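Take a look at the structure below.
What follows draws every value from the coordinates through simple rules; no lab data is involved. Just so we're clear, the structure is a prediction, and the values are computed from it rather than from any experiment. So basically every Cβ, Gly included, is an ideal-geometry build from the backbone, and we count neighbours across all protein chains shown.
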Amino acid sequence: MLRQNLQFKLSQKLSPQQIQLMKLIQLPTLAFEQRLLEEINENPALEIGKDEEVYEKDEFDNNEDYDDYEGGDNIEADDINIDEYLSNDETPDYKLQTNNYSNEEERENPFASPLSFHQDLINQLNTFILNDTDREIAEFLVGSIDDMGYIRRTVEDIVDDMAFTQGVYTDEKNVERMLHVIHELEPSGVGARDLQECLLLQLKHKTPTQDIALAIDIIENQFEAFTKKHYDKLLQKYSISQEQLKKTVHEIEKLNPKPGGSFTGNNKITENIVPDFAIRINDGELELILNGRNAPSLHVSKDYQEMMQTYKVSSDKSNSQKDAVQFIKQKLDSAKWFIDAIKQRQETLYVTMNAIMHFQQEYFLDGEETSLKPMILKDIADMVGLDISTVSRVANSKYVDTPYGTKLIKEFFSEAMKNDQGEDVSTLEIKKILQNIIEDEDKHKPLPDDQLADILKEKGYPIARRTIAKYREQLDIPVARMRKQI
């Protein structure tokens, strides 16, 4: 049986310009500056900085909007309105009516040391006297270390990989021997195969004491009991006092379980956080400032305008001149669109953050996290008349400098829950109260999730135990057993 269906599908296709604008809005300050430099380098018709020369408008200037730039368009040179590109828009005023420029002029260096973690290990390795084969094995082992400082592969796999990929034929005994060399490198614990070995390597590098000797014994022989905090079992096993065990556990807790992660020259480029906004309190009123680095002074190159003027007054318009003016028009269109996009980005950032600031006014005035109101993306989108996805792009990638520290904007968003009075309260408020309860608990007898739920219920927040567990995990707080102290 043949069945015929008629379906209508409504879809919206974004133009290349709209897509580029969305990408610009998503960029934080440092990435935006990099994107700006790329555009200036690629488009000679776009210049940064204020042009001191002022051009008078041509009497035929018509002030109409410029055409959208489509790189693949076939432009007819005779159809180009030259006057459109000769207008005095070289130094457009991008300032909003409110104060949105920061006085901050200094530029931070956003990058950490270029020396990578692995290169540092190789440099240390060069201080050892090794034959060619041993050096190849040792360097291969260094290359097998992950960013946390561990070698997660078996010795057998390393032997096979060296034979197939490096043409180096060795055996497990030689690889194990070179592993001991790697274990001499800094930071202590690097090259370990698991956490137990990592802790042991660090303990064995310490000056021997009674506490260190006991710590080594515990990690070597009672590792499971230690990780599960079965302190009663350890007290009984070693026949020691609670104070002695406490000192020993303290020595272990001082060790670094991720030796590679502490290396400041990590091969992951570290980027400083540059706030995109600042909120200040003046005479009890909130003031929002947009970082001035998001509002560059851009203008269209006067050289390109002069080239258009030359073409306009030329009586002999050759084919080569027409080709040139097509290129110039494309560059000018692109420059004017980019300038307008920067202004739209600037206005979008400001109005979005301004709405967030007023929505959470109580918090920004007193700094109490319990003052944060339930707020979702739709709340702000409705206030400013923007799409939810646009608000999301601002919230997920931007930081604001407040009197209480620099905050990621998305941290101010939260769902609502009902308290015992039927009032909407923020999940952030509940998490803060939960965190305070756990911080004040008796660490000798930490509170399990069901007791935490009972305490919150007494405070007027009827939260299920499984919800407590979810919030606790989001706060990166371990279960009660793992919070126990001696």
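Multiplying the residue separation of Asn174 and Gln435 by 0.36 nm and subtracting their alpha-carbon distance yields 88.9 nm. The share of Cα pairs per 5 Å bin across region 174-215, counted from zero up to the longest distance, runs 6, 23, 29, 22, 14, 5, 1 percent. Considering only Cα-Cα distances, which of the following residue pairs are longer than 26 Å: Lys410/Lys484; Lys373/Lys443; Lys254/Lys445; Lys233/Lys459; Lys233/Lys443? From Lys410/Lys484; Lys373/Lys443; Lys254/Lys445; Lys233/Lys459; Lys233/Lys443, over 26 Å: Lys410/Lys484; Lys373/Lys443; Lys233/Lys459. Pairs of Cα atoms in region 357-439 fall into 10 Å distance bins, from 0 up to the last occupied one, in shares of 17, 47, 31, 5, 0 percent. Annotation for Asp132 and Asp454: the two label points, set 7 Å from Cα along the Cα-Cβ direction, are 7.3 nm apart. Compared with the alpha-carbon gap, the fully stretched path from Glu423 to Glu306 is longer by 35.6 nm at 0.36 nm per residue.
With a Förster radius of 51 Å applied to the C-beta separation of Asp387 and Lys237, the computed FRET efficiency comes to 0.20.
Taking the alpha-carbon centroid of each part, what is the distance from region 20-35 to region 435-486 in angstrom? First find each Cα centre; the distance between them is then 41 Å. When Lys and Arg each count +1 and Asp and Glu each count -1, what net charge do the other residues less than 12 Å away from Lys407, Cβ to Cβ, add up to? Here the charged neighbours net out to -2.
The simple spin-label model puts a point 7 Å past each Cα toward its Cβ; for Arg481 and Glu362 those points are separated by 4.0 nm.
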